[in-house]
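What follows is a short report on a single structure.
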Amino acid sequence: MKIYYFGGMIDQLEIIKNHEFDGVLFTSGIHNPDLVKITNYLSKSEKIQSNCIRCGMTTKIIESSKNFKYMIAIRPYQISPQYLTMLCNSIDEVSQDKIEVNLISGWTEEFEKEYGGIVGEINDLSSNIEKSNYLIKFLEVFSKMKVLNLPKIFVSTTNQFTFSAAISHGYDIILPYSRYITGEYNIDKPKTMISIAPLLREKHEEVGVDMKNVPLDCKIFTKKELTEFLNDLKEQNVKGVLLAPYPFQTENDRILSFVKEYKDKN
């Protein structure tokens, strides 16, 4: 089972890799890392070694983390399926099979609402229902593309409509913990990743966080409980889990240390 860091930034990558994560999810946002920044990072993380002095043939050698994945969250109304595929195929020429795409209907931050720059009926000001419907149409068009090298797609599903569309087209899904534990979704576990924001504490009463103001997918765990939860997902053949540090200031180091310890033991 894969463990991804949820919400990474470029300057965190080496730390995340050193703590033995299998990948990182970059969230969508105007100021967040995008495909261009990741490409630049990947091009610098490779070095060229000459194999033959006479013919000058060269071979790319990845310096580290050969199987580490870079998942980019994208709002479909910001880009076409065709251009997204072109970008991902171009990145593959730099570093093959590194990029994954997380399609989301798109939560808009307040500071983004007046940014503009979207041509079409659906934009940052559209309702959640309108954005979900657009995501469903995007998946349909994407699945019909006559291209051999389509990027690896994960669809964030927060309602039955986007869930059904993703499943019908054979895409992997990302399901929030709060939806996973209800059992309302009949998931294909080897094609499912669970996203969760664990609050790691020695004892539950030591949480030190106002639980009334945290996202639905925050849950208090002891190290033993989180280990048991991950082991249970692994036994069920769940594809992976995305661990989010929330709040970042207090939870980031705890999550990093836990994953390093968990991977070393397993």
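Of the candidates V259, V241, the single residue that is part of a helix (DSSP H, G or I), under 19 Å from I16 (Cβ atoms), touching a residue at least 40 places away in the same chain (Cβ under 8 Å) and out of contact with any Pro (no Cβ under 9 Å at 6 or more places or on another chain) is V259.
Confirm whether M145 is aliphatic (A, V, I, L, M), buried (at least 20 other Cβ atoms within 10 Å of the Cβ) and either modelled with pLDDT of 80 or more or at negative phi (or both). Judged against the criteria, M145 is not a match. Pairs are defined by a Cβ separation below 7 Å, a sequence spacing of at least 6 or placement on different chains, a first member in the range 143-155 that is touching a residue at least 40 places away in the same chain (Cβ under 8 Å) and over 9 Å from Y171 (Cβ atoms), and a second member that is part of a loop (DSSP other than H, G, I, E, B) and aliphatic (A, V, I, L, M); no pair meets this definition.
Please go through the range 3-46 and give me each residue that is part of a loop (DSSP other than H, G, I, E, B) and polar (S, T, N, Q), ordered by number. Lay out the reasoning, then the answer.
Going through the range 3-46, the residues part of a loop (DSSP other than H, G, I, E, B) turn out to be 7-9, 19-22, 27-34, 45.
Once the filter is applied, which keeps residues that are part of a loop (DSSP other than H, G, I, E, B) and polar (S, T, N, Q), the range 3-46 yields T27, S28, N32, S45.
A count restricted to the range 97-109 and to residues that are over 13 Å from S156 (Cα atoms), assigned to a loop (DSSP other than H, G, I, E, B) and modelled with pLDDT of 85 or more stands at 2.
Every test in (1) surrounded by 15 or more Cβ atoms within 10 Å (Cβ to Cβ); (2) modelled with pLDDT under 95 is passed by E114 save one, and that test is (1).
Kindly check whether there is at least one residue in the range 55-76 that is in a loop (DSSP other than H, G, I, E, B) and modelled with pLDDT of 90 or more. Spell out how you get there, then give the answer.
Initial filter on the range 55-76 (in a loop (DSSP other than H, G, I, E, B)): 55-57, 63-68, 75.
Retained after the next criterion (residues that are modelled with pLDDT of 90 or more): 68, 75.
For the range 55-76, residues in a loop (DSSP other than H, G, I, E, B) and modelled with pLDDT of 90 or more: present.
Would you tally the residues in the range 235-253 being more than 15 Å from Y180 (Cα to Cα) and surrounded by fewer than 17 Cβ atoms within 10 Å (Cβ to Cβ)? Walk me through how you get there before you give the answer.
In the first step, residues of the range 235-253 are kept if they are more than 15 Å from Y180 (Cα to Cα); the result is 235, 244-253.
Pick out the ones that are also surrounded by fewer than 17 Cβ atoms within 10 Å (Cβ to Cβ) and you get 235, 247-250, 253.
Here the count works out to 6.
Tell me, which helices (runs of 4 or more DSSP H) wholly within the range 118-236 include 2 or more residues that are of a type in the set (S, T, N, Q) and within 24 Å of G7 (Cα to Cα)? It would help to see each step written out before you state the result.
On the way: elements: 128-143, 160-168, 177-180, 223-235.
The helices (runs of 4 or more DSSP H) meeting that bar are 128-143, 223-235.
What residue, of L230, L139, is within 30 Å of S80 (Cβ to Cβ) and either touching a His at 6+ places or on another chain (Cβ under 6 Å) or at pLDDT 95 or above (or both)? Spell out how you get there, then give the answer.
Values: L230 fails: within 30 Å of S80 (Cβ to Cβ).
Result of the check over L230, L139: L139.
When you go through K152, K131 one by one, which is the residue that is at pLDDT below 95 and touching a strand residue (DSSP E or B) at 6+ places or on another chain (Cβ under 6 Å)?
Working: K131 fails: touching a strand residue (DSSP E or B) at 6+ places or on another chain (Cβ under 6 Å).
From the options K152, K131, the qualifying one is K152.
Against the condition among the polar types (S, T, N, Q), at pLDDT below 90 and more than 14 Å from G240 (Cα to Cα), how does N213 come out, does it pass? In short, yes. Of all the residues in the range 67-96, those that are closer than 26 Å to E14 by Cα and free of Cβ contacts under 8 Å to residues at least 12 places away in the same chain number 2. Residues in the range 2-17 that are at pLDDT 95 or above and of a type outside the set (K, R) were compared, and the one that is farthest from the chain's Cα centre (by Cα) is I15.
The values are calculated or read from the model by the stated rules, or taken from the named source; none is laboratory data. Everything numeric here is computed off the predicted structure, so don't read it as measured data. Quick reminder, even Gly has a Cβ in these numbers, built from the backbone with ideal geometry, and neighbours come from all protein chains shown.
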